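Let me begin by presenting the structure, written as C-alpha cells, before commenting on it.
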Amino acid sequence: MKQHSIEASEESGVRFLHFGSEWVQGAMRIARPYALELEYTREMMACVLLRGYESAYEGADEGWPKNVLQIGLGAASLTKFWYRYFPDAIQAIIEINPAVVAMAYQSFKLPRDDERIAIHVGDGVAWMSESKQKFDCIMVDGYDQHARFGALGTAAFYRDCRARLTRRGLLVLNLFGRSRGYRQQLDSLHEVFNNRVLALPPIKSAPSAADGGNAIVFAAVGDAMSIDSQTLREGAAQLEKLSGLKLARAVTHLERADGAAFGGYTKSNSSTVAVQGKKMARNARG
C-alpha cells in the first residue's frame, strides 16, 4: 500500500498536520499542547457526559472509561487529552502509517508512556475484526489524504466495533457531514446499534473555510440511559474546571435532542435526554 506524505505547517501559533494535501488532519496550539484545538475533537469528548460525567472529576472507582481504543492517531490530540485528564484510562491506538506515529512524537508532543498508551501500527479494520479485547470507549477518526472514510464507514466495521464494546461502551465517530456516504453511514449505525445512535449537527465553520462540516456521532450498547439537563450542565462545568474544555454547543444539542433530530434518542420529558435502544475536512487556509 502506497503511503502518502506526512507534513506539518504552522500559522498563528497553531501547528497543523497534513497527509500530502491541504486538508487538515489534526492541530495543536503550540503554547497549549494538551488542549483540544479543533472543535470536532472537543465534541468527541462529550462522550464523558453521556457515560462518565459522574466520575470524570471525582476519581470514582467506577470511573468511565477504564480503557479507550482509538482508530487513527492524527496529531494525537485526543490521546493527549485522555492522558492528561483521565490518568486511570489505558489507551490503545491503531494507526496504519508509522510516519504519523513518528510525527506525533516529533512535532505534536505525544507522551512516550508504554504503560498507558499502547500504539499498534496496522490496519484498523483488520485489527478490529481480529481482536477479542473489550473497550469502554472506541473513537474512530481515520481518513485518508482526500478525507475519505473507506472501510471504516461500513456496517461490517460497525458490527466489529460493537462486539469490542463493554456493557457500558460507547462508539464515537468523526464523520464528514456533507459526504455522499454520510446518510448511509448513519443508517448502518442505526441498524447495528438498534437505534441507540446520536448524531450531533455538522459543525459550521467560517464561510471561507472548506470543511463541509464534521459531524460527531455516538452509538451505545447496554441499557438505555437518561441524563437530565442539570446533570449535563453540571458535568460539563466540572469538566471545564478540570481541563478547560468547553462543551456548551454539544450540551445545547443534547438538551434539544428529539427523535427527529437524533434518531434513536428521544426526549422523555422537558428536561431529560434518553437513549433508546473525515478526518477534519477543513482547509488550513480557510
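Please list, by residue number, everything in the stretch 101-136 whose backbone N is under 17 Å from a paramagnetic label point 7 Å out along Cα→Cβ of Arg84.
Residues passing the 17 Å test: 104-113, 117.
Which cross-chain or sequence-distant (5 or more) residues have an amide H under 5 Å from the amide H of Asp136, H modelled 1.01 Å from N in plane?
Placed amide hydrogens put Lys66, Asn67, Thr166 under 5 Å from Asp136.
Could you give the length gained on full extension between Val121 and Arg159, defined as 0.36 nm per residue of separation minus the Cα-Cα distance, in nm?
Result: 11.5 nm gained on full extension.
In a shell of Cβ-Cβ distance under 10 Å around Ala104, excluding Ala104 itself, what net charge do Lys and Arg (+1) and Asp and Glu (-1) give? The partial results should precede the final answer.
Values: positive: Lys80, Lys109; negative: Glu95.
Result for the neighbourhood of Ala104: +1.
Just list whichever of Lys80/Lys246; Lys109/Lys241; Lys66/Lys109; Lys109/Lys204 have alpha carbons separated by over 20 Å in the model shown. All intermediate terms of the calculation are to be shown ahead of the outcome.
Working: Lys80/Lys246 17 Å; Lys109/Lys241 23 Å; Lys66/Lys109 23 Å; Lys109/Lys204 28 Å.
In this structure, Lys109/Lys241; Lys66/Lys109; Lys109/Lys204 exceed 20 Å between Cα atoms.
Just to compare against my own numbers: the Cα pair-distance distribution for the stretch 59-138, 10 Å bins, whole % per bin, please.
Going from the shortest bin to the longest, the percentages are 18, 53, 25, 4.
With labels modelled as points extended 7 Å from the Cα through the Cβ direction, what inter-label distance (nm, one decimal) is found for Arg112 paired with Ser5?
Distance between the two pseudo-spin positions: 2.7 nm.
Provide the FRET efficiency to the nearest 0.05 for the Glu191-Ala151 pair, computing r from the beta carbons and using R0 = 25 Å. Before the final figure, lay out the partial values.
Working: r = 17 Å, r/R0 = 0.68.
The computed FRET efficiency comes out at 0.90.
None of the figures in this text is laboratory data; all of them are computed from the coordinates on show. Since the model is a prediction, treat every value here as computed from it, not as a measurement. Cβ sites come from the backbone with ideal geometry, for glycine too, and all protein chains shown count toward neighbours.
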